[in-house]
Amino acid sequence: MSTTIAQRLGAFAVQQTHDRLPREVRHSVCQRTLDTLGIMVAASPLQTSRAVRSYATELGGRPEAAAAGVPDPLPAELAAL
């Protein structure tokens, strides 16, 4: 059975370390991570964000992952929402 692109990409990603990535890539990842966190913080007081947090909390389920602005763990797919 052949591997899928997702499996090959996952295997590649698992093998990478901080030191193996080019400096430019590390810098870019840091910028994108900070940008994402900034957007999450800036959007957190919006009504749409409150509605999504409320929806995810009400659905409940197995606590698997943390979500920004939600005090208790949520199922992974809801935390990603």
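Normalised by the number of residues in the chain, the mean separation of alpha-carbon contacts (under 8 Å, six or more apart) gives a relative contact order of 16 percent. Average accessible surface for the chain: 83 Å² per residue, computed with a 1.4 Å probe over protein heavy atoms with every protein chain in place. Across the accessible surface of the chain, with the other protein chains kept in place and a 1.4 Å probe, carbon and sulfur atoms take up 63 percent.
Residues whose amide H lies under 5 Å from that of ALA65, counting only those 5 or more places away or on a different chain, are LEU74, ALA76; hydrogens are built 1.01 Å from N in the peptide plane.
The values are calculated or read from the model by the stated rules, or taken from the named source; none is laboratory data. These numbers come from a predicted model, not from an experiment. The accessibility values were calculated without ligands, DNA or RNA, using every heavy atom of the protein model including side chains. Shrake-Rupley method; radii C 1.70, N 1.55, O 1.52, S 1.80 Å.
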